[in-house]
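Please read the structure below before turning to the comments.
Read-outs throughout are calculated quantities, based only on the coordinates presented, and are distinct from any laboratory measurement. Everything quoted here is computed from the prediction, not taken from an experiment. Note that we place each Cβ from the backbone using ideal geometry, even for glycine, and neighbour counts take in every protein chain shown.
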Amino acid sequence: MAWTNATSSLAAQIESYLATIVDGHERAATAAWVRAWDTIGPDLELAVNELVLQAADGRLRRADVIRSARLQAALEQIHQTLDGLIDGTASDIIDQLADIVDHAGSLQERIIASQLPAAARQEVAAWSRTDPRQLAAIVDRTAEQITKLTYPLADEAAATMRRELVRGIAVGDNPRAVAARMVRNTEVTFNGGLHRATVIARTEMLDAHRRAAQLADDANADLLTGWTWTCALVGNVCRACLSMHGREFPLDQSGPEGHPSCRCARVAKTKSWRDLGFDIDEPDSLMPSAVDYFDGLSKTEQVDVLGQRGWTAWNEGRYPMDQWASKRTADGWRDSWVPSPAPA
Ligand SMILES: [Zn+2]
């Protein structure tokens, strides 16, 4: 294995490509949500104001809320809008999956080549020769998963909005403030739908990228010993990802199994040059070190990563970097490495 400068730059390319897609997707989804609320928000506001001002005895009852045709219409419109937005968010990502998968595989091919002596590079299996059915399988499986996970979101959010609005409310002597609060709470639930839909689409998209990288690794199994979990060592990184950076896994292990939205990359690790039959001394690995990165941060930046309690424990030697991640097993989703709680 010889992690070269070229390997570092290719790993960085994965991370910046994923960041561009994720940020672009998030920006587009957020803009769509804001536009939608600008359209439906005023109707809800009118309906709620009307209702609250009619609550003559200072109390808004469930029955009043349920009987208000205007409010019910506004809620129905919000529900339908949310349905359309979530659908659109999912299909935006689904439309890009083929490109994402292709990017992952071709970069993995170059990553493998970057670690080999020049004479061995022609042995790397060309990603362009991958069986298209295998690529389609990754795309289809991811699309299915995104659809399945986002499908119930609009109904759930709509149910929450209705439940919160029909809760009996004391209007008191400031009905306008009460109305404003009701509208604001509904908007928060509405935006919660945006957050959940984008996290799902993003996380599944990142996993599709990793599965394609794994496919490229499998095609080169004879050249590899496994793969390395690689975290972009820039800015305010997650402590779990920092802790996982540099850990090695066998080829048949999928991953990196990061937390939702984690952008860490799978980087193939080649066999030693001698094991590959080359009688040449191998250059030293130039893989950037997570410890060096963290040590190079200012104290404030370190606290941002670890929290005050975590930083103190780390500083006292009670919370070393290899303990910053713990494996979480959840129903309905893959295992994931998440930040471990800092010791008290
Ligand atoms: Zn990560």
### Query
Near Gln108, within a Cβ-to-Cβ distance under 12 Å, what is the net charge of the other residues, with Lys and Arg +1 and Asp and Glu -1?
+1
### Query
For the pair Asp102 and Phe278, what calculated FRET efficiency results from E = 1/(1 + (r/R0)^6), where r is the Cβ-Cβ distance and R0 = 45 Å, to the nearest 0.05?
0.90
### Task
May I ask you to compute the full-extension gain from Asp292 to Gln253, defined as 0.36 nm times their residue separation minus their alpha-carbon distance, rounded to one decimal in nm?
11.3 nm
### Query
Relative to the longest principal Cα axis of the chain, at what angle does helix 69-114 sit, 0 to 90 degrees, rounded to 10?
0 degrees
### Query
Where does helix 5-54 land angle-wise versus the long Cα axis of the chain, in degrees 0 to 90, nearest 10?
0 degrees
### Summary
For the pair Val188 and Gln54, the simple spin-label estimate (label points 7 Å beyond Cα toward Cβ) gives in nm 2.7 nm
### Task
Sketch the reach of a paramagnetic label on Ser326 as a point 7 Å from Cα along Cα-to-Cβ, and name the residues of region 240-268 whose backbone nitrogen lies under 19 Å away.
240-245, 257-260
## Note on the structure
Per the rule of 0.36 nm per residue minus the C-alpha distance, extending Gln13 to Glu156 adds in nm 47.7 nm
### Query
Using the Cβ atoms and a cut-off under 13 Å, what net charge is assigned to the surroundings of Thr150, where Lys and Arg are +1 and Asp and Glu are -1?
-4
### Task
Sort 328-341, 301-314 for me by packing, meaning the mean count of neighbouring Cβ atoms within 10 Å per residue, highest on top.
301-314, 328-341
### the chain: relative contact order in percent, alpha carbon pairs under 8 Å with at least 6 residues between
23 percent
#### Entry: Ranked by how many other beta carbons lie within 10 Å on average, peptides 144-153, 128-137, 86-95, 270-279 from highest
86-95, 144-153, 270-279, 128-137
### Message
At 25 °C and a viscosity of 0.890 mPa s, what translational diffusion coefficient does Stokes-Einstein give for region 194-344, taking Rh as the Kirkwood radius over Cα pairs? Give it in µm²/s as a whole number.
### Response
144 µm²/s
### Query
What does the charge dipole of the chain about its Cα centre add up to, to the nearest 20 debye, if the Cβ of each Lys and Arg holds +1 and the Cβ of each Asp and Glu holds -1?
1160 debye
### Query
What is the magnitude of the charge dipole of region 1-117 about its Cα centre, with +1 placed on the Cβ of each Lys and Arg, -1 on the Cβ of each Asp and Glu, and no other charges, expressed in debye to the nearest 20?
380 debye
### Task
Determine, for the chain, the count of lysine pairs separated by eight or more sequence positions (or lying on different chains) whose alpha-carbon distance falls under 30 Å.
4
## Note on the structure
So, with points 7 Å from each Cα along the Cβ direction, the Ala137-Thr300 label distance in nm works out to 5.1 nm
### Query
Between Arg129 and Ala180, 0.36 nm times their residue separation minus their Cα-Cα distance comes to what?
12.4 nm
### Task
Give the whole-number value, in cubic angstrom per residue, of the convex hull volume spanned by the C-alpha atoms of region 5-339.
160 Å³
### Query
Based on Cβ point charges of +1 for Lys and Arg and -1 for Asp and Glu, what charge dipole magnitude is obtained for region 186-344 about its Cα centre, in debye rounded to the nearest 20?
640 debye
#### Entry: Positive-pole candidate from Met287, Pro175, Thr89, dipole of the chain, charges at beta carbon
Pro175
### Task
In nm, give the distance between the simple-model label positions of His195 and Ser285, each being 7 Å from the Cα along the Cα-to-Cβ direction.
3.8 nm
